[in-house]
1. Filter the range 137-166 down to residues that are outside any loop (DSSP other than H, G, I, E, B) and among the small types (Gly, Ala, Ser) and give me whichever is least open to solvent (accessible area, probe 1.4 Å).
2. Does the range 106-120 contain any residue that is open to solvent by 50 Å² or more (accessible area, probe 1.4 Å) and at pLDDT 95 or above?
3. Which residue pairs have Cβ atoms closer than 6 Å, lie 6 or more positions apart in sequence or on different chains, and pair a first residue in the range 97-110 that is assigned to a loop (DSSP other than H, G, I, E, B) with a second residue that is among the polar types (S, T, N, Q) and open to solvent by 10 Å² or more (accessible area, probe 1.4 Å)?
4. Any residue at all in the range 60-81 that's open to solvent by 50 Å² or more (accessible area, probe 1.4 Å), over 18 Å from the mean Cα position of the chain (by Cα) and farther than 16 Å from Ala13 by Cβ?
5. May I ask you to list the residues in the range 194-204 that are of a type in the set (A, V, I, L, M) and either part of a helix (DSSP H, G or I) or surrounded by fewer than 21 Cβ atoms within 10 Å (Cβ to Cβ) (or both)?
6. Of all residues in the range 35-54, which are of a type in the set (D, E, K, R) and either part of a loop (DSSP other than H, G, I, E, B) or farther than 20 Å from Asp65 by Cα (or both)?
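The values are calculated or read from the model by the stated rules, or taken from the named source; none is laboratory data. Quantities reported herein were computed from a predicted structural model and do not represent experimental measurements. Every residue, glycine among them, receives a Cβ derived from its backbone with ideal geometry; neighbour counts consider all protein chains shown. Ligands, DNA and RNA are excluded from the accessible area calculation, which covers all protein heavy atoms including side chains. Shrake-Rupley method; radii C 1.70, N 1.55, O 1.52, S 1.80 Å.
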Amino acid sequence: MTATAPPRVTLLAIETSTEACSVAVYVDGHVVSRHELAPRRHTQLVLPWADELMAQAGLRKSQLDAIAVGRGPGAFTGVRLAIAIAQGLALALDRPVLPVSSLSALALADSRATGDRVLAAIDARMGEVYLGAFVIDADGLPQAYDEERLLNPTQPIMVNGGLWCGVGTGFAALDQALQTTLGNQLSNCNAEALPRASAVARIALAAYARGEAIAADQLEPAYLRNKVAQTLVERGKA
């Protein structure tokens, strides 16, 4: 059984791992959020949006129970920004943090029913994608089916478990190479979806109820890739 949440929990959630800037506030079973495609503007928007949403929800930062954050994988700059802001707020407020996989948040973008199998993919650039496989549980939350991976979408990929829903920009990358590679393993595909802070908040709420919040200084990003750009030699080979 999934642990039930406390009767009143307030969370601020931040997700900036892609070109979308997304912030959400959860309080008393309700979520208020802002989500917008804003390449290179995340730094300007996150904190003002957080203040705006907190005011809209009638909350002060001191009333937050925890800070939830999309920990990646995704764009290095965006992931670092989200981690830094979440840590800064958590330390200033003496609150714990709840790291959430950006791929798991993305998996909620197109899940239709309990038991759905979702492949969430984010365009990682440099000819690769970040891919995670999830099964939607009885509470409508994504549970990891396999380890998250960084891979070349043109290489053969076999995912067990029947048909899968595809979601995320990784399915549009390289002329839809991942869709072609997976072929009839996909039942449908939404290649425009991006992870949202509202989904981060929803997943984080369950984690909070299970006692999985951590101290701010323990928060780490999930890059999956240990370098930002190809070398000139690698570009020449490509």
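1. Gly166
2. Checked against the condition, which is being open to solvent by 50 Å² or more (accessible area, probe 1.4 Å) and at pLDDT 95 or above, the range 106-120 yields no hits at all.
3. Between residues of the range 97-110 that are assigned to a loop (DSSP other than H, G, I, E, B) and residues that are among the polar types (S, T, N, Q) and open to solvent by 10 Å² or more (accessible area, probe 1.4 Å), the close pairs are Asp110/Asn190.
4. Yes, that holds for at least one residue.
5. Answer for the range 194-204, where residues must be of a type in the set (A, V, I, L, M) and either part of a helix (DSSP H, G or I) or surrounded by fewer than 21 Cβ atoms within 10 Å (Cβ to Cβ) (or both): Ala197, Ala199, Val200, Ala201, Ile203, Ala204.
6. Once the filter is applied, which keeps residues that are of a type in the set (D, E, K, R) and either part of a loop (DSSP other than H, G, I, E, B) or farther than 20 Å from Asp65 by Cα (or both), the range 35-54 yields Glu36, Arg40, Arg41.
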